[in-house]
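Have a look at the structure below, then the notes.
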Amino acid sequence: MEYLTHLAVLVGIYSILALSLNLVLGYAGIISVTHAAFFGLGAYTSAILTTVYDLNFFLAALCGVLVAAIISLFVGTVLSKFRGDFVALGSVGFNVIVWSVFLNVQELTRGPLGIPGIGRPNLEFGIWNYEFSSNVSFLVLSVIFVALVYFLCQFIEKSSFGRALKAIREDEEALQVFGYRTLHYKLAVFVIGAGLASIAGALFASYITFIDPSTFTINESIFLLSVVILGGLASNRGALIGALALVLLPEFLRFVGFPSDIAAQMRQVVYGVMLIVLMLYRPQGLVGEYKL
Amino acid sequence: MEPEAQGSGTSLIKTVLWLVVLILIVGGLIIYGKKGGEEKEASKEPIKVGVMLPLTGDGAPYGEPARNVYLLATEEINTAGGVSGQPLELIIEDSKCNGKDATSAAQKLINIDKVQIILGGFCSSESIAATPVAAAAKVALFSPGSSSPDLTGISPYFFRNYPSDASQGKVLAEAAVAKGWKKVAFLQEQTDYALGVFKAFSARFTELGGTIIKEEVPSNTIDFRSVLSKLKTANADAFFLDPQTLPVAERVFKQMQDLKWKPVLMFNDVVGGAPETLATYKDLMEGALTAEFTADPNNPKFTKLLAEYKTKYGVDLLYASSYGPTEYDAVYLIKTGIEAVGNNGEKFAVWSRTVKDWEGASGKTTIGADGDRIGGHTLKIVKDGKAEVMK
């Protein structure tokens, strides 16, 4: 059971990442290959604040959101100068920069050694102190976060802001003709997406209790893109299904009886083949309503 | 509104269908896998030991030979009668050299396979992340490869028979001071291992009054000429090369030859443990200092390991002077431990601290109260392309 709880927590964390990326990619149509950077910023900010400065997890996570939001505002402004596919390339560059910062600013991040011994979240009211030390309690916490993020995303989808985003995705110029400042809309959703991703980062750091730069590379950004695309763009339910499928699939493949000398490689191959097949037959993703 | 609702309805059905197909495929494969397993002889209930290794991803070059060594040792133990009459069975999981997959692998081994002892992780990131998982379940985690100083005393459930990086950094710093060197140029690859060595070296060296001029390079660097030229102009007493892998070291040596730079060298055990590299760059190496954690080439257990590995897999054992022997010893230590206290993670972890002068392929193993291997690196000097113990 503990193993399933563990997987459920991971699915929860990746659901938040997928939901937040879906806002940026699915609704606004911004091809962002830098989501792992915001994931990492959240993880590092909260890890440093909780281990070095003994700050409460929830405050630290909030600080992570602020850091990610401020940086994403700046990055979003730069990225808005690019057109079309160049946004994707520019965002790759930003992911590399953030990763290099994690690797090189050793006074703060301890570089390649990573940050070990990150504590689990705890709630303190006077003498009452509750620590989310068991995996089940952590699962409850992450489910609450996923639910909050999900309802926020649903709210955005239903709102006039969400409709404007979809319109930007379909025809940005047309919307500009109607007097919308599309840049503001795109920046806003980019910042919201980054802030939400940083929450996932804080949860991740506190759950695994150890982070190092290798977790937040472009590979992770590409993995997140595939989660969202496979689940289905512009669908919050799709993001959840994508996270469920892509986190669980490689784990289930551990139980497939491949011969032990090629098992690990075969798992990767099967995983890859399944992704290709899915994309061939369902290019709009499992429940998506929009195709890139 | 009507058509949209209909659209989402059919897409939901399709999704469900797709999920069913997916579950069928995966489920079918699982059942197929189980069948294969049942065909094995069930003469005696085997003792299951978990193994975490980086079999894919960045750490895979280490994981492959490690798995071969584990399987070789297990086969030897089982043909010799097993552990207290029961065969040893390794359950190998890929932990991909990162914390996330290591926790997943550890959770699976502990909760599905119900192992009491996990052999691994290999990368320090794997061990650091998996330790809380193992400790919570009272399972022993035994690493033959993680060398990060962060692991010293991390938990009563963790121990390792590979020495901490801190030990070689310290040994080399003291040797440099003894040589009368005041200023050392330092080139470090940006990895956890190399940084660990640097930190230990720099702490001791600066404490003893030395200064360090340091440059760092990412792991994928090909051209070192500008960094090397910069370090050359520093006019240091010695040049310390601190790579993670051998190809990086060889590129640096090649480019040092091109630059006609022949400083007094120091390097970590990655280079020190590679006899071929030492021989190839013989003229650069003369008098170089290295701290090596190594098996005695005359140790019969070590030579036996080399010979049997070659017979079984047809290639020479990689990392023969570092991880190979500790991995081999680890399997035998698990056998000894289970025979002493039974297959119980908690008792095994307590027992591990009592290991003293245990004879294996990597020499005499003694585990301290903090779970670290005591002793570790010996200072060596390169003479005529060969590393010799410095007297």
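The values are calculated or read from the model by the stated rules, or taken from the named source; none is laboratory data. For clarity, every value in this text was computed on a predicted model and none was experimentally measured. All Cβ positions, glycine included, derive from the backbone under ideal geometry; neighbour counts span all protein chains shown.
What single numbered condition from (1) closer than 15 Å to A:PHE204 by Cα; (2) surrounded by fewer than 16 Cβ atoms within 10 Å (Cβ to Cβ); (3) touching a residue at least 12 places away in the same chain (Cβ under 8 Å); (4) not β-branched (Val, Ile, Thr) fails to hold for A:LEU123?
(1)
Here are the criteria: (1) among the hydroxyl-bearing types (Ser, Thr, Tyr); (2) closer than 18 Å to B:SER147 by Cα; (3) surrounded by fewer than 14 Cβ atoms within 10 Å (Cβ to Cβ). Tell me which single one B:SER226 does not satisfy.
(2)
Would it be correct to say that A:GLY179 is over 26 Å from A:LEU113 (Cα atoms) and free of Cβ contacts under 8 Å to residues at least 12 places away in the same chain?
yes
Looking at B:SER104, B:SER147, B:SER125, which one is crowded, with 24+ Cβ neighbours inside 10 Å and without any contact (Cβ under 8 Å) to a residue 40 or more places away in the chain?
Only one candidate passes the filter, namely B:SER104.
Restricting to the stretch B:215-245, name every residue that is assigned to a loop (DSSP other than H, G, I, E, B), within 28 Å of the chain's Cα centre (by Cα) and of a type outside the set (A, V, I, L, M, F, W, C).
B:PRO218, B:SER219, B:ASN220, B:THR221, B:ASP223, B:PRO243, B:GLN244, B:THR245
Name the single residue, out of those in the stretch B:187-223 being of a type in the set (Ser, Thr, Tyr) and crowded, with 21+ Cβ neighbours inside 10 Å, that is farthest from the other protein chains (Cβ to nearest Cβ).
Within the stretch B:187-223, the match that is farthest from the other protein chains (Cβ to nearest Cβ) is B:TYR193.
Among the residues of the stretch B:110-129, what is the count of those that are of a type outside the set (Asp, Glu) and more than 9 Å from chain A (Cβ to nearest Cβ)?
11
Any residue that is under 23 Å from B:CYS123 (Cα atoms) and outside any helix (DSSP H, G or I) - is there at least one of those in the stretch B:300-311?
no
Determine whether the stretch B:51-65 contains at least one residue that is within 20 Å of B:GLY342 (Cβ to Cβ) and surrounded by 17 or more Cβ atoms within 10 Å (Cβ to Cβ).
Within the stretch B:51-65, one or more residues are within 20 Å of B:GLY342 (Cβ to Cβ) and surrounded by 17 or more Cβ atoms within 10 Å (Cβ to Cβ).
Filter the stretch A:17-41 down to the residues that are of a type in the set (Gly, Ala, Ser) and in contact with a Gly (Cβ under 8 Å, 6 or more places away or on another chain), then identify the one that is nearest to the other protein chains (Cβ to nearest Cβ).
Of all residues in the stretch A:17-41, those of a type in the set (Gly, Ala, Ser) come to A:18, A:20, A:26, A:28-29, A:32, A:36-37, A:40.
With the extra rule that they be in contact with a Gly (Cβ under 8 Å, 6 or more places away or on another chain), the set shrinks to A:18, A:20, A:26, A:32, A:40.
Numbers: A:ALA18: 15, A:SER20: 18, A:GLY26: 15, A:SER32: 22, A:GLY40: 13 Å.
Selected residue: A:GLY40.
Among the candidates A:TYR44, A:TYR14, which residue alone is within 15 Å of A:ALA202 (Cβ to Cβ), within 12 Å of another protein chain (Cβ to nearest Cβ) and either in contact with a Gly (Cβ under 9 Å, 6 or more places away or on another chain) or touching a residue at least 24 places away in the same chain (Cβ under 8 Å) (or both)? Before you say what the answer is, go through the steps one by one.
On the way: A:TYR44 fails: within 12 Å of another protein chain (Cβ to nearest Cβ).
Answer to the check: A:TYR14.
Would you call B:LYS138 within 11 Å of chain A (Cβ to nearest Cβ), basic (Lys, Arg) and under 21 Å from A:ASN135 (Cβ atoms)?
no
Identify, by number, the condition in (1) in contact with a helix residue (DSSP H, G or I) (Cβ under 6 Å, 6 or more places away or on another chain); (2) under 24 Å from A:PRO116 (Cα atoms) that A:SER32 doesn't meet.
Status for A:SER32: all satisfied but (2).
List the residue pairs whose Cβ atoms are under 9 Å apart, where the first residue sits in the stretch B:278-292 and is over 24 Å from B:PHE198 (Cβ atoms), the second is among the β-branched types (Val, Ile, Thr), and the two are 6 or more positions apart or on different chains.
B:LYS282/B:VAL382; B:GLU286/B:VAL382
Among (1) closer than 16 Å to A:VAL65 by Cβ; (2) at pLDDT below 90, where does A:THR182 come up short?
Every listed condition holds for A:THR182 apart from (1).
Looking at (1) outside the structural domain of B:GLY121 (by TED's automatic domain parsing); (2) of a type in the set (Ser, Thr, Tyr); (3) modelled with pLDDT of 85 or more, can you tell me which one B:TYR70 breaks?
Exception for B:TYR70: condition (1).
Does any residue of the stretch B:41-52 turn out to be within 11 Å of chain A (Cβ to nearest Cβ), in contact with a helix residue (DSSP H, G or I) (Cβ under 9 Å, 6 or more places away or on another chain), under 21 Å from A:GLU251 (Cβ atoms) and modelled with pLDDT of 90 or more?
yes
Report, by residue number, each residue of the stretch A:270-284 that is more than 11 Å from every other protein chain (Cβ to nearest Cβ), in a helix (DSSP H, G or I), within 30 Å of A:LYS166 (Cβ to Cβ) and not β-branched (Val, Ile, Thr). Explain how you work it out, then say what you get.
As a first pass, look at the stretch A:270-284 and keep what is more than 11 Å from every other protein chain (Cβ to nearest Cβ): A:272, A:275-276, A:279-280, A:283.
Next cut, in a helix (DSSP H, G or I) only: A:272, A:275-276, A:279-280.
Still in the list and also within 30 Å of A:LYS166 (Cβ to Cβ): A:275-276, A:279-280.
The answer is A:LEU275, A:MET279, A:LEU280.
Testing B:PRO65 on (1) in contact with a strand residue (DSSP E or B) (Cβ under 7 Å, 6 or more places away or on another chain); (2) more than 15 Å from B:SER146 (Cα to Cα); (3) at pLDDT 85 or above, one condition comes back false. Which one is that?
(1)
Quick one: which of A:LEU73, A:LEU62, A:LEU55 is in a helix (DSSP H, G or I) and either among the basic types (Lys, Arg) or over 18 Å from A:TYR185 (Cα atoms) (or both)?
So the residue among A:LEU73, A:LEU62, A:LEU55 that is in a helix (DSSP H, G or I) and either among the basic types (Lys, Arg) or over 18 Å from A:TYR185 (Cα atoms) (or both) is A:LEU62.
So, in the stretch B:331-355, of the ones that are in a helix (DSSP H, G or I) and among the hydroxyl-bearing types (Ser, Thr, Tyr), which residue ends up surrounded by the fewest Cβ atoms within 10 Å (Cβ to Cβ)?
B:THR336
Residues are listed down the side, and each one gets a yes or a no for (1) more than 12 Å from every other protein chain (Cβ to nearest Cβ); (2) surrounded by fewer than 24 Cβ atoms within 10 Å (Cβ to Cβ); (3) at positive phi:
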{"site": "A:GLY201", "(1), (2), (3)": "yes, no, no"}
{"site": "A:PHE210", "(1), (2), (3)": "no, no, no"}
{"site": "A:PRO213", "(1), (2), (3)": "no, yes, no"}
{"site": "A:VAL227", "(1), (2), (3)": "yes, no, no"}
{"site": "A:GLY231", "(1), (2), (3)": "no, no, no"}
{"site": "A:ALA239", "(1), (2), (3)": "yes, no, no"}
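Inspect the stretch A:66-79 for any residue being surrounded by 14 or more Cβ atoms within 10 Å (Cβ to Cβ), within 14 Å of another protein chain (Cβ to nearest Cβ) and out of contact with any Leu (no Cβ under 9 Å at 6 or more places or on another chain) and give the result as yes or no.
Scanning the stretch A:66-79 turns up no residue that is surrounded by 14 or more Cβ atoms within 10 Å (Cβ to Cβ), within 14 Å of another protein chain (Cβ to nearest Cβ) and out of contact with any Leu (no Cβ under 9 Å at 6 or more places or on another chain).
Within the bounds of the stretch B:317-330, is there any residue that is assigned by TED's automatic domain parsing to the domain that holds B:SER146, surrounded by fewer than 14 Cβ atoms within 10 Å (Cβ to Cβ) and assigned to a helix (DSSP H, G or I)?
The first filter runs over the stretch B:317-330 and keeps only residues assigned by TED's automatic domain parsing to the domain that holds B:SER146, leaving B:317-330.
Retained after the next criterion (residues that are surrounded by fewer than 14 Cβ atoms within 10 Å (Cβ to Cβ)): none.
No - not one qualifying residue is present in the stretch B:317-330.
Do we have A:VAL287 as within 7 Å of another protein chain (Cβ to nearest Cβ), buried (at least 22 other Cβ atoms within 10 Å of the Cβ) and not basic (Lys, Arg) here?
yes
Just to be sure I understand, how many residues within the stretch B:251-283 are among the aliphatic types (A, V, I, L, M), surrounded by fewer than 20 Cβ atoms within 10 Å (Cβ to Cβ) and either assigned to a helix (DSSP H, G or I) or out of contact with any helix residue (DSSP H, G or I) (no Cβ under 8 Å at 6 or more places or on another chain) (or both)?
Step one: filter the stretch B:251-283 for residues among the aliphatic types (A, V, I, L, M), giving B:252, B:256, B:259, B:264-266, B:270-271, B:274, B:278-279.
Then drop every residue that is not surrounded by fewer than 20 Cβ atoms within 10 Å (Cβ to Cβ), which leaves B:259, B:264, B:279.
Then drop every residue that is not either assigned to a helix (DSSP H, G or I) or out of contact with any helix residue (DSSP H, G or I) (no Cβ under 8 Å at 6 or more places or on another chain) (or both), which leaves B:264, B:279.
Within the stretch B:251-283, residues that are among the aliphatic types (A, V, I, L, M), surrounded by fewer than 20 Cβ atoms within 10 Å (Cβ to Cβ) and either assigned to a helix (DSSP H, G or I) or out of contact with any helix residue (DSSP H, G or I) (no Cβ under 8 Å at 6 or more places or on another chain) (or both) number 2.
Considering every residue within the stretch A:140-148, establish whether at least one is at pLDDT 90 or above, touching a strand residue (DSSP E or B) at 6+ places or on another chain (Cβ under 7 Å) and closer than 30 Å to B:ALA106 by Cα.
The initial filter retains those residues of the stretch A:140-148 that are at pLDDT 90 or above, namely A:140-148.
Subsequent filtering for residues that are touching a strand residue (DSSP E or B) at 6+ places or on another chain (Cβ under 7 Å) retains none.
No, because not a single residue in the stretch A:140-148 is at pLDDT 90 or above, touching a strand residue (DSSP E or B) at 6+ places or on another chain (Cβ under 7 Å) and closer than 30 Å to B:ALA106 by Cα.
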